[in-house]
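Please treat every number below as a calculation from the coordinates, not as lab data. Here the structure is a predicted model, which means the values were calculated and not measured. A quick note on method: Cβ atoms are made from the backbone with ideal geometry, for glycine too, and the neighbour counts reach across all protein chains shown.
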Ligand SMILES: [Zn+2]
Ligand SMILES: [Zn+2]
């Protein structure tokens, strides 16, 4: 089922569809449609944003495939994280920034584990204490010292990126 949804979304690049319309289009229950989208998100980078649904026109959380998106979700997450050293974001904020589905981000982050840092800390974006991911800045880590000792006693604010 996910394969049909992928084919459909790829044909409709740049358009967004609400979950209800996708569910009825593929004769799926709401929950089945959600599961199929999660599965589809493992194969292609799905975008999720608030906007008018192409089918019903309602403003809702719509899912689609970006018009020109040569990068996979994993590459986009990697690019973002390494492009913002010292910034640590939770998956929710990461998904929001990259306009990717939460599950897609979560999976990409999981695959990028060997090269990124993840820990429980305050998110640079929403400030909530969550599991955040980022690219550590070496000099900053050495100076701060806390990073290696784990998160206890970590400063509440993540130091700004050394670049720029
Ligand atoms: Zn709709
Ligand atoms: Zn956040």
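So for each of 74-85, 109-120 I average, over its residues, the number of other beta carbons within 10 Å; can you give me the resulting order with the highest mean first?
Numbers: 74-85: 17.5, 109-120: 14.2.
In decreasing order of mean packing, 74-85, 109-120 become 74-85, 109-120.
Would you please give the FRET efficiency between residue 66 and residue 7, computed as 1/(1 + (r/R0)^6) with r the Cβ-Cβ distance and R0 = 22 Å, to the nearest 0.05?
The value I calculate is 0.85.
Any idea what the relative contact order of region 73-144 is, in percent, if you count C-alpha pairs under 8 Å spaced at least 6 apart? Mind showing how you got there, number by number?
Details: 101 pairs, mean separation 28.8, N = 72.
Relative contact order here is 40 percent.
Using the count of nearby Cβ atoms within 10 Å as a rough guide to exposure, how do 104, 47, 92 rank from fewest to most?
So the ranking, lowest neighbour count to highest, is 92, 47, 104.
Full extension from residue 102 to residue 125: what is 0.36 nm times the residue separation minus their Cα-Cα distance, to one decimal in nm?
Once the chain is fully extended between residue 102 and residue 125, it gains 6.7 nm.
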